[in-house]
1. Once the Cα atoms of the chain are picked out, what are the Rg and Dmax in Å?
2. Which percent of the accessible heavy-atom area of the chain goes to carbon and sulfur, probe 1.4 angstrom?
3. Total Lys pairs in segment 73-147 closer than 20 Å by alpha-carbon, pairs eight or more apart in sequence or interchain only?
4. Would you check segment 1-67 for Lys pairs whose C-alpha atoms are within less than 14 Å, ignoring same-chain pairs closer than 8 in sequence, and give me the count?
5. Hey, can you find the accessible area per residue of segment 14-100 for me, probe 1.4 Å, expressed in square angstrom?
6. Would you work out the charge dipole size for segment 1-125 about its Cα centre, treating the Cβ of every Lys and Arg as +1 and the Cβ of every Asp and Glu as -1, and quote it to the nearest 20 debye?
7. Below 8 Å between Cα atoms, with a sequence gap of 6+, how large is the relative contact order for the chain in percent?
Amino acid sequence: MKMQVLYIEKKEGVQESPEIIATKIAREYKCKGDKIPPAYPCEQEKLVILCFETYGSLDKRLIAFCKDLSTSRASNVALVMINKDGNNTVPAALADIFKQNGVNVAGACGIAIKKSLFGKGKPTEEDLKKAVEFADAQINALFDTVG
């Protein structure tokens, strides 16, 4: 299965929601999971799942990475977006980049994790289940067999 799961981390060495969710999906499907920018660039991947937060403006590293994605690197992307209300609308900046590069947005999943004065919550088992089910739907739509 030609697939990768990538996440963006705000603070180096602190496990945050995007990493937790990406790691869960990568383990579930026994595929490569890495932070953005990845140690090895995507190359002819059928699906790249991106996990990131959309609380405020998008991380510059995420935008730079997406600008570098082309059809030779990834045919499809699926987005797991963590925000305060579970909104699954693809941010316009990313939608434009993917459209220009010819990369198909296979789907988007919004996961609601509240932010408070003392930081952000962690994803619940229900959130992780939702992310895995979303990944499962994308994989089943794009791959003939899983494994």
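1. 14.1, 46
2. Roughly 50 percent, rounded to a whole number.
3. Close lysine pairs found across segment 73-147: 13.
4. 11
5. Spelled out: the 1.4 Å probe surface of segment 14-100, per residue, equals 49 Å².
6. Magnitude of the dipole: close to 100 debye.
7. Relative CO of the chain lands at 24 percent.
The values are calculated or read from the model by the stated rules, or taken from the named source; none is laboratory data. Note that the structure is predicted; figures quoted are calculated from it, not measured. Every residue, glycine as well, gets a Cβ built from its backbone with ideal geometry; the counts of neighbours run over all protein chains shown. These accessible areas exclude ligands, DNA and RNA; they are computed on the full protein's heavy atoms, side chains included. Shrake-Rupley method; radii C 1.70, N 1.55, O 1.52, S 1.80 Å.
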